[in-house]
Amino acid sequence: MFKKREKGKRLKKWLLGILVIAVAGLLIWIGLTKLEGRPPEVLLSLESAAVPADFTVTGVAKDLKSGIRQIRIVISQQGGSPPDINPPEKNQRDTDLQNLEIVLMDDVFPATGFAGKGKVRQMPFEVNIHAGKMGLSDGAALLKISVRDYSWRHWFRGNAAYLEKKIQFDTRPPMVSVLTNQHNVSPGGAGLVIYKLSEPCRESGVVVGEEFFPGHAGYFTADDIYLAFFAVPVDYDKTAGMKVKAVDPAGNESVRGFYHYVKKRRFVTDTLRLSENFLQMKLPEFSGEKGFPVDAGLADQFVFVNTVLRRQNNNTILANGAKTDSGILWEGPFIRMPNSARRANFGDQRVYQFNNQTLSNAVHMGIDLASVQHDRVPAANRGRVCFTGEAGIYGNLVCLDHGCGLMSLYAHLSRIAVQEGQLVEKGEIIGNTGATGLAGGDHLHFGMFVDHVFVDPVEWWDASWIANNITGKIQSVQALAP
Ligand SMILES: [Zn+2]
């Protein structure tokens, strides 16, 4: 009997031990898994804090440990007015009209059984906001996103991530007032529009057909007045139209037409006969260019240089327009290289022939000026050197930035005498003429462009054109709004 009791005691102790270990194990398991303390993550994508009347908020919620239990998104606005139309079913409105609160999303996600984890580890979300329908008005509002997980922490409510984002409703498009009256322009020429905006915009400028020319603030004391130089492409189609466009930080867009008259203009066709000698001498210069057809004949090699390489070089040069100074660095008419003869005009429709066959066409986007060999080249006006170096068909090239998108370029140079970033005065020598690049003989190819479109330099050499179309306009606006 006695021995049996002893045996029973030992068994009890043993069972108790197992129970203690099992409970401890369970507690450790709960502690590690069910009581995990890592909160969910929320990522929100919103381009800017300023938002238009209708917009979409997208984002993603993540919880890699116990899974997502709930995503709730609310928008609230102090002093909000009641909605015009009954909001969708899920939306509730706070009884206090002083604080409008709309639930945009309140989704609960499933878990696997009572003690299981959330089935959803990652969930993208998207909610649409319609300020008018929801009774939200212009001004500040708060977007609140909360995400909970399936942890047992916080008395089974789980870990929470909470994100607040201040937004600013702006449902009104900007107002654009054009301050300049007459805009008489020509294909291949330039123009200037001065306009005023009712609010700061993320983008504004002149649209000519498909081309956009950004406006620049800072010239006038009033910082809401913008200058936009624009170019009329050589092949401008009258039906394309011209207008000022402005987009505010919320994305509201306004478009305003302006009075303009486009003069008729014809360009000259010029046939250039290429000699075998010239091609044999010139083409090897380009053999290092990417894509050059080394094994092709002279004709195909020339077509590559005159089309593909020309396009690449133009893109490189015209990209400088985007880096322009916001001031006006130049003054008075641009100067033409002294004692030089004009050999080719802007807009010439060039036809290239070889052995009496037409190889390719190109439009001449500058003016060729010939003088004595290696003649000194003056800066046409005051400006900052924005490019120096070798540029394919243009050979050794210098580009000057005259501000607000107006640029001049000097090609085929034998020597470059300036450095990038340097400010040069009108008439200061920037290099010497030469025949580098696709040039038949020593000359200066002088070009000008506005933002990213070549224009005819003749206008800028003409003091009365500048007075009528540029400086006169600036002065008349200055007289009204200094
Ligand atoms: Zn030229």
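The values are calculated or read from the model by the stated rules, or taken from the named source; none is laboratory data. Here the structure is a predicted model, which is why all the values come from computation and not from measurement. A quick note on method: Cβ atoms are made from the backbone with ideal geometry, for glycine too, and the neighbour counts reach across all protein chains shown.
Can you find even one residue in region 225-237 that is in contact with a Lys or Arg (Cβ under 7 Å, 6 or more places away or on another chain), within 19 Å of Met175 (Cβ to Cβ) and surrounded by fewer than 19 Cβ atoms within 10 Å (Cβ to Cβ)? Within region 225-237, none of the residues are in contact with a Lys or Arg (Cβ under 7 Å, 6 or more places away or on another chain), within 19 Å of Met175 (Cβ to Cβ) and surrounded by fewer than 19 Cβ atoms within 10 Å (Cβ to Cβ).
Annotation: Asn277 fulfils all but one of (1) surrounded by 11 or more Cβ atoms within 10 Å (Cβ to Cβ); (2) outside any loop (DSSP other than H, G, I, E, B); the unmet one is (1). Residue-level analysis places Leu409 among those that are assigned by TED's automatic domain parsing to the domain that holds Phe278, in contact (Cβ under 8 Å) with a residue 60 or more places away in the chain, assigned to a strand (DSSP E or B) and within 14 Å of the ligand (Cβ to nearest atom). Within region 412-426, being under 19 Å from Asn381 (Cβ atoms), in a strand (DSSP E or B) and away from the ligand (no atom under 15 Å from the Cβ) holds for Ile416, Leu423, Val424. Which of the residues that make up region 456-467 are touching a residue at least 12 places away in the same chain (Cβ under 8 Å) and either assigned by TED's automatic domain parsing to the domain that holds Pro187 or of a type in the set (Phe, Trp, Tyr) (or both)? The answer is Trp460, Trp461. Tell me, yes or no, whether region 427-445 has at least one residue that is within 27 Å of Gly218 (Cβ to Cβ), β-branched (Val, Ile, Thr) and within 16 Å of the ligand (Cβ to nearest atom). Checking region 427-445: not a single residue is within 27 Å of Gly218 (Cβ to Cβ), β-branched (Val, Ile, Thr) and within 16 Å of the ligand (Cβ to nearest atom).
Looking across region 200-213, the residues that are surrounded by fewer than 20 Cβ atoms within 10 Å (Cβ to Cβ) and part of a strand (DSSP E or B) come down to Glu203, Val207, Glu211, Phe212.
Every residue, every condition in (1) surrounded by 18 or more Cβ atoms within 10 Å (Cβ to Cβ); (2) under 24 Å from Met365 (Cα atoms); (3) of a type in the set (D, E, K, R); (4) over 23 Å from the mean Cα position of the chain (by Cα), yes or no:
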site: Phe258; (1), (2), (3), (4): yes, no, no, yes
site: Thr271; (1), (2), (3), (4): no, yes, no, yes
site: Phe304; (1), (2), (3), (4): yes, yes, no, yes
site: Ser326; (1), (2), (3), (4): no, no, no, no
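Restrict the check to region 370-382 and report whether at least one residue is within 16 Å of the ligand (Cβ to nearest atom), modelled with pLDDT of 95 or more and of a type in the set (S, T, N, Q). No; the residues of region 370-382 include none that is within 16 Å of the ligand (Cβ to nearest atom), modelled with pLDDT of 95 or more and of a type in the set (S, T, N, Q). From the list Gly395, Gly389, the one residue that fits, being modelled with pLDDT of 95 or more, in the same structural domain as Asp442 (by TED's automatic domain parsing) and within 14 Å of the ligand (Cβ to nearest atom), is Gly395. Within region 158-199, the set of residues being over 30 Å from Gly366 (Cα atoms) and part of a loop (DSSP other than H, G, I, E, B) comprises Gly158, Asn159, Asp170, Thr171, Arg172, Pro173, Pro174, Met175, Leu179, Ser198, Glu199. Any residue that is of a type in the set (A, V, I, L, M, F, W, C) and at pLDDT below 95 - is there at least one of those in region 327-342? Checked against the condition, which is being of a type in the set (A, V, I, L, M, F, W, C) and at pLDDT below 95, region 327-342 yields at least one hit. Of the set (1) loosely packed, with under 15 Cβ neighbours inside 10 Å; (2) part of a strand (DSSP E or B), all apply to Trp155 but (2). Being closer than 24 Å to Lys290 by Cα and either assigned by TED's automatic domain parsing to the domain that holds Val385 or away from the ligand (no atom under 15 Å from the Cβ) (or both) holds for only one residue in Arg311, Arg350, Arg342, and it is Arg311.
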